[in-house]
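The values are calculated or read from the model by the stated rules, or taken from the named source; none is laboratory data. Nothing here was measured: the structure is a model prediction, and the numbers come from that model. With ideal geometry, Cβ positions are generated from the backbone for all residues, glycine too; neighbour counts draw on all protein chains shown.
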Amino acid sequence: MREQKHILCPQRLRRVPRQFSWIDQRLVRDGHIGRCGVEALALYLFLVTVADAEGLSYYSEATASRLLGMDNATLCRARRELLEAGLIAYQSPLYQVLSLDDPDAGLPAVRGKPPRHGSGETVSIGEVLRRAMGGAA
C-alpha cells in the first residue's frame, strides 16, 4: 500500500509568487539536470531565484561569483554549461532563464548530450544560435 502524501509544514506551504513561479519540474523529468555539473546547477538556481517574471537578471559576474562562492573561471564554465544545455541565454550583463516548453526552438540540440567544457569565454546569444543552426563556431 502506498503511503499518502501529506504537507509536512503547512505554515510554510509554498505559493507561486506573483513575480515568477517555482522551478519547472521538467528540469528533472526531461533530464536537463543530469547534463549540468553542480556549479552550473548552483548558477541556475541563483538565476531562477533572482530573475524577474520574464526570467531576466542583471547580476554582475563579480556579484554572482561572490554570492555563489565561485571564482570567475568557474562561473564562466557554469554559465557555458547552462548555455549549451539551452537553459539560459546570456548577453553581458543580462541573463535570461529560458522556458523549457520548446527545447528545440532555436537552441542547441542537447537532449542526451553531455555538456562540453569550454575555455570559459563569454558567448553571445547570436553565437549560441549560430552554433545551434550548424554555423561555424
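Observations on the model:
- Residue within segment 25-42 that is among the polar types (S, T, N, Q) and within 13 Å of V97 (Cβ to Cβ) present: no
- Residue satisfying all of: in segment 70-108; modelled with pLDDT of 95 or more and hydrophobic (A, V, I, L, M, F, W, C); farthest from D24 (Cα to Cα) among these: A73
- When the residues of segment 21-44 are filtered to those that are hydrophobic (A, V, I, L, M, F, W, C) and touching a residue at least 40 places away in the same chain (Cβ under 8 Å), the one that is surrounded by the most Cβ atoms within 10 Å (Cβ to Cβ) is A40.
- Which listed residue, of L47, L67, is modelled with pLDDT of 80 or more, within 19 Å of V97 (Cα to Cα), assigned to a helix (DSSP H, G or I) and touching a Ser or Thr at 6+ places or on another chain (Cβ under 6 Å): L47
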